[in-house]
Ligand code: SF4
């Protein structure tokens, strides 16, 4: 079977857990176009160990975690490479992300599993691997991203204050199931699907609002930036968000949509640089963004009251402008620019500190770490700290406790100054 002949037809597609909710919603979007799709199984020591057999140790943590979860699937009793596909996006970016795909392909080829499809959707071949539903999927996939961001936000803003331990997690799971059912509906128009999503989101929002909370003891608000996989995948960051909550904090996590808006904006900048201001590509990009904005606004409108204290930038350029004095977008690319700008955004909107979650040796984390001391100083010693994760499941309890002390101090100082 040649590469060109491999399609998703008749295969089960597994989606890495960049976050569980993100993977679940994206799998639902794939199901809406008739593809059997599921999130990859949870990572554990066994999946780590399987990945290590094929890696040198120089690879980035998200690569190791993702490979481990793929290998875990190969151990399932009904695994058949000819009927399996793994989703693994790629890019030509400046860091090691571009190596994930060729390495995974080589590993599975060496294992004699050539029939496996490693799906890396790209516009350059018209999303050929996905098949005829590709265009439909693009729109539903975007809705899946926004919906999972929304549910995560509701979870994180509610859970630290819940009176009944575990209730928010249960309501979150039920909400996820509800929205995934709407996302997965097939053979309906985009308009009808949006109606179904809005109904599911409204029911989910109302369920979250019924959770009894105790806000009598204020918590420290900690902004979370950093490498997108590591900050969203609880296993790779040793469940840091729960640790922050346990230590008296509340996490305000950067969304996935933010990254999508950044790539859209970069695409526009590239077209301008190439002198294609009045090109078909620019027209298509602008129309696509308009549709995306409209969809996003409809879903977010339901949560205006819930997210009132957690304002997000209206446009990604607001974040990039904040980053400009430290890392101008023309000279630095990718998550580092967003992380620095977003850290400042968080400080300006009431956060008591920011933690940057990065894989060990991550290029983005290293560059940010070099810039943060100046940012922190210029923001009155705002607690801004990179925590690196290497997959060894170290105990971060004391790091977080020390960090929370700094955040508490900053909170008090700002309060005393009337800030
Ligand atoms: S962003 Fe960081 S972790 Fe991800 S591939 Fe690049 S260097 Fe590795």
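So which residues in the range 353-369 are in a helix (DSSP H, G or I) and either under 30 Å from residue 414 (Cα atoms) or more than 7 Å from the ligand (Cβ to nearest atom) (or both), if there are any at all? Before you say what the answer is, go through the steps one by one.
First, the residues of the range 353-369 that are in a helix (DSSP H, G or I): 363-369.
Once the filter is applied, which keeps residues that are in a helix (DSSP H, G or I) and either under 30 Å from residue 414 (Cα atoms) or more than 7 Å from the ligand (Cβ to nearest atom) (or both), the range 353-369 yields 364, 365, 366, 367, 368, 369.
Restricting 119, 183 to those that are under 23 Å from the mean Cα position of the chain (by Cα), closer than 20 Å to residue 10 by Cα and surrounded by 20 or more Cβ atoms within 10 Å (Cβ to Cβ) reduces the list to 119.
The rows are residues; the columns are (1) in the same structural domain as residue 100 (by TED's automatic domain parsing); (2) surrounded by 17 or more Cβ atoms within 10 Å (Cβ to Cβ); (3) modelled with pLDDT under 95.
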position	(1), (2), (3)
355	no, yes, no
358	no, yes, no
367	no, yes, no
380	no, no, no
392	no, no, yes
398	no, no, yes
402	no, no, no
419	no, no, yes
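In this entry, residue 127 is excluded by the filter for residues that are farther than 28 Å from residue 296 by Cβ, more than 16 Å from the ligand (Cβ to nearest atom) and free of Cβ contacts under 8 Å to residues at least 24 places away in the same chain. Which of the residues spanning the range 81-108 are without any contact (Cβ under 8 Å) to a residue 24 or more places away in the chain, surrounded by 13 or more Cβ atoms within 10 Å (Cβ to Cβ) and away from the ligand (no atom under 16 Å from the Cβ)? Of everything in the range 81-108, just one residue is without any contact (Cβ under 8 Å) to a residue 24 or more places away in the chain, surrounded by 13 or more Cβ atoms within 10 Å (Cβ to Cβ) and away from the ligand (no atom under 16 Å from the Cβ), namely 105.
Residue 140 satisfies every condition listed in (1) more than 16 Å from the ligand (Cβ to nearest atom); (2) out of contact with any helix residue (DSSP H, G or I) (no Cβ under 7 Å at 6 or more places or on another chain) except (2).
For the range 327-352, what are the residues that are surrounded by fewer than 21 Cβ atoms within 10 Å (Cβ to Cβ) and more than 11 Å from the ligand (Cβ to nearest atom)?
Once the filter is applied, which keeps residues that are surrounded by fewer than 21 Cβ atoms within 10 Å (Cβ to Cβ) and more than 11 Å from the ligand (Cβ to nearest atom), the range 327-352 yields 328, 330, 331, 332, 348, 349, 350.
Condition check ((1) touching a residue at least 12 places away in the same chain (Cβ under 8 Å); (2) within 19 Å of residue 345 (Cβ to Cβ); (3) surrounded by 14 or more Cβ atoms within 10 Å (Cβ to Cβ)) across all residues:
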residue	(1), (2), (3)
244	yes, yes, yes
250	yes, yes, yes
253	yes, yes, yes
260	yes, yes, yes
264	yes, yes, yes
267	yes, no, yes
271	yes, no, yes
275	no, no, no
279	no, no, no
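The values are calculated or read from the model by the stated rules, or taken from the named source; none is laboratory data. Fair warning: this is a prediction, and the values are worked out from it, not measured in the lab. Here Cβ is always computed from backbone atoms with ideal geometry, including for glycine, and neighbour counts include all displayed protein chains.
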